[in-house]
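What follows is a short report on a single structure.
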Amino acid sequence: MENLDRDILRHLQRKATLSVGDVADRVGISKSACWRRIQKLERDGIIKDRITLLDASAVGLSLTVFISIKTNMHTESWAVKFNEVVKNIPGILEAYRMGGEADYLLKAIVKDMPDYDRLYKQIIKVDLFDVTAGFVMEEIKCTTELPL
């Protein structure tokens, strides 16, 4: 990837609503050249999507939870079932299969503790060995910007 493409991506990561003209001005190329590069970055899968990030607290979702899961079931059929359950729970924003002490790590954002309890009850429909939750007390850094 060329440095010019990295510059374009830096600007788009910070503010996806910038017009092509604004991005072009900031990186020092023509609007049409910038548009072609953005389209190529999209075709190549480097730009996955353009989204709007919301303030969770402003929309009534004030509790962020990291859920660590251990299982003693390591079959493909169990993993498929678990993945489907996790993908269909709206409050779960991120899910990872891990190496190390935990088998899975989930990030969820919910309204409050009773809302977390509802989410928890959905997760445990799948046979699990251990579920541990950590509740965020203060967000120190949260970004989606990759270091290019």
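Here are some notes:
- Sorting Val136, Val27 by the number of Cβ atoms found within 10 Å of their own Cβ, with the fewest placed first, yields Val136, Val27.
- Per residue, the convex hull volume that the Cα atoms of segment 1-56 enclose (Å³): 78 Å³
- Under 18 Å from the Cα of Lys111 - lysines, other chains or at least 8 residues apart: Lys121
- Estimated 222 nm signal from helices in the chain, with DSSP H stretches of n ≥ 4 weighted -39500 (n - 2.57), rounded to 500: -11500 deg cm²/dmol
- Cross-link pairs exceeding 25 Å between alpha carbons, from the set Lys70/Lys125; Lys15/Lys40; Lys87/Lys125; Lys31/Lys141; Lys48/Lys141: Lys31/Lys141.
- Given 16 as the ceiling on other Cβ atoms within 10 Å, longest exposed-site-free region of the chain for GluC sites (Glu not before Pro) in DSSP loops: 3-100
- Rounded to the nearest angstrom and listed largest first, the equivalent-ellipsoid semi-axes of the chain from its Cα gyration tensor are 38, 19, 13.
- Distance between the pseudo-spin-label points of Leu53 and Trp78 (7 Å out from Cα toward the beta carbon): 3.6 nm.
- Beta bridge orientation in the chain: antiparallel %, DSSP, nearest 5: 100 percent
Values quoted throughout were computed directly from the atomic coordinates according to the rules given, and no laboratory measurement underlies them. Here the structure is a predicted model, which means the values were calculated and not measured. No Cβ is skipped: glycine too gets one built from the backbone with ideal geometry, and neighbour counts run over all protein chains shown.
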